[in-house]
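I have placed the structure first, in the form of structure tokens, so that the comments after it can refer back to it.
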Amino acid sequence: MFENNVICKMLGIKYPIFQGGMAWIGTAELASAVSNAGGLGIIGAGHMPPDILKKEIQKCKERTDKPFGVNIMLMSPFVKEVMQLMLDEKVPIVATGAGNPGEYVPALKENGTKVIPVVASVALAKRLVKGGVDAVIAEGSESGGHIGEISTMPLVPQVVDAVDVPVIAAGGFADSRGMAAAFALGAHGIQMGSRFVVSKECIAHPNYKEIVLKAKDRSTVVTGRTLGHPVRVIANKLTKQFFEMEAAGASNEELEQLGTGKLHLATHKGDVENGSVMIGQISGMLDDIKSVQEIIDDIVNGLPKAVENLQSNYI
Ligand code: TUI
């Protein structure tokens with residue numbers, strides 16, 4: 001299985017299943033577990049300073065001899081230093097999010113790194129492919145955290161048609177049915193964030209996992225649209241306060257201020273009412289905590305049945 005998959009061949013991994021590089025919870029523990037289980041584990045750099053990220057990379061290298069990646073959040077104040085760290089540490093795979101990584105691509109490529117940016121539009125996908133990236137992750141607005149405007153179903157096939165590199169579909173994937181759907185849209189793999197949050201290996205606070213397990217289809221909302229960086233989170237006291245302040249005409253600075261430090265408050269302190277619980281819409285479907293190995297094995301083992309079900313509708 002997957003012997004001819006272009007992503008598996010390009011990266012030397014067993015299954016074309018990426019773990020989304022989530023800030024604060026996409027740690028070496030989770031990334032190494034995903035890589036050891038045959039997928040691609042990705043450390044989420046978020047706003048991490050380079051010295052802390054360096055330790056996280058070293059920890060990941062100690063825990064797995066399989067390929068892994070780092071996701072660089074381009075809104076981070078440390079982005080330049082963190083990119084230099086990627087070169088120094090010879091990180092095999094660099095993903096990026098929340099911006100245009102174009103200026104960093106040549107140096108990474110020269111260093112032998114595979115560069116796989118997250119894109120939320122066809123235009124950025126085309127521009128980055130011209131600039132030499134190896135693949136793109138097309139992420140729909142069903143995802144948790146910082147999102148674009150287009151949902152997965154229309155985004156993925158449009159990106160597939162627009163570029164000549166492999167495409168990994170992200171946003172709304174958590175099981176074999178989703179993976180079969182991604183292949184049907186022309187993608188070569190999937191990236192999952194939410195599914196891996198509710199894994200044994202994820203270090204998120206138990207309250208964070210619990211609220212994700214309790215989530216229903218309409219439990220998430222999007223804040224920050226008027227700020228120009230929409231973020232999908234679980235509706236709670238914080239989002240209520242955010243929308244009230246927004247309606248009352250609060251300034252962008254006041255709204256930004258409200259969000260500062262709130263992801264850590266939820267992921268590490270477990271305050272899921274006043275903190276920011278970033279998670280995708282697929283959280284409504286998640287109702288168990290499994291090991292990373294079980295999550296991946298269940299998806300891969302369920303794939304033949306999912307494909308057979310597709311065929312039963314037209315053959
Ligand atoms: O990056 C993400 N998701 C994230 S990053 C993050 S960290 C954070 N922490 C506190 C507050 C806010 C964020 C949480 N979630 N996903 C990848 C992604 N990239 N989604 C959408 C995009 C994107 C959007 C616009 C990429 C490029 C873009 O346009 C750039 C351009 O110049 O065209």
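Applying 0.36 nm per residue to the separation of D65 and N111 and subtracting their alpha-carbon distance, the gain on full extension is 14.6 nm.
In terms of the mean number of neighbouring beta-carbon atoms within 10 Å, the peptides 266-272, 134-140 order highest first as 134-140, 266-272.
The phi torsions of region 172-183, fed into the Karplus equation with coefficients 6.51, -1.76 and 1.60 and a -60° offset, translate into couplings of x, 9, 7, 8, 5, 4, x, 5, 4, 5, 4, 5 Hz, rounded to whole numbers, with Gly and Pro shown as x.
For region 1-103, averaging the sequence separation of C-alpha pairs within contact (under 8 Å, six or more residues apart) and dividing by the residue count gives a relative contact order of 23 percent.
Peptides 191-199, 88-96, 305-313 ordered by packing proxy, namely the average of other Cβ atoms within 10 Å per residue, highest first: 191-199, 88-96, 305-313.
Amide hydrogen proximity for E142: with H placed 1.01 Å from N in the peptide plane, the residues at 5 or more positions away or on another chain lying under 5 Å are T152. Taking all Cα pairs closer than 8 Å and separated by 6 or more residues, the relative contact order of the chain comes to 16 percent. For the cross-link pairs K61/K262; K54/K200; K209/K240; K61/K90; K209/K262, the ones whose C-alpha atoms lie over 19 Å apart are K61/K262; K54/K200; K209/K240.
Net length available on complete extension from L227 to M245 is 5.2 nm, with 0.36 nm assigned per residue and the Cα-Cα distance removed.
Each of S291 and D217 was given a label point 7 Å from its Cα along the Cα-to-Cβ line. The distance between the two points is 3.4 nm. As a proxy for reagent exposure, L40, L185 were ordered by neighbouring Cβ count within 10 angstrom, fewest first; the result is L185, L40.
As a rough footprinting exposure proxy, the listed residues Y104, Y314, Y208 were ranked by other beta carbons within 10 Å of their own, and the order from fewest upward is Y314, Y104, Y208. Only alpha carbons enter this Debye calculation for the chain, each as an equal point scatterer, and the log10 of I(q)/I(0) it gives at q = 0.07, 0.11 Å⁻¹ is -0.25, -0.63.
Any read-out appearing in this document is the output of simple, stated calculations on the displayed coordinates, not a laboratory observation. Quick caveat: nothing in here was measured; it's all calculated off a predicted structure. Positions of Cβ are backbone-derived with ideal geometry, glycine not excepted, and every protein chain shown enters the neighbour counts.
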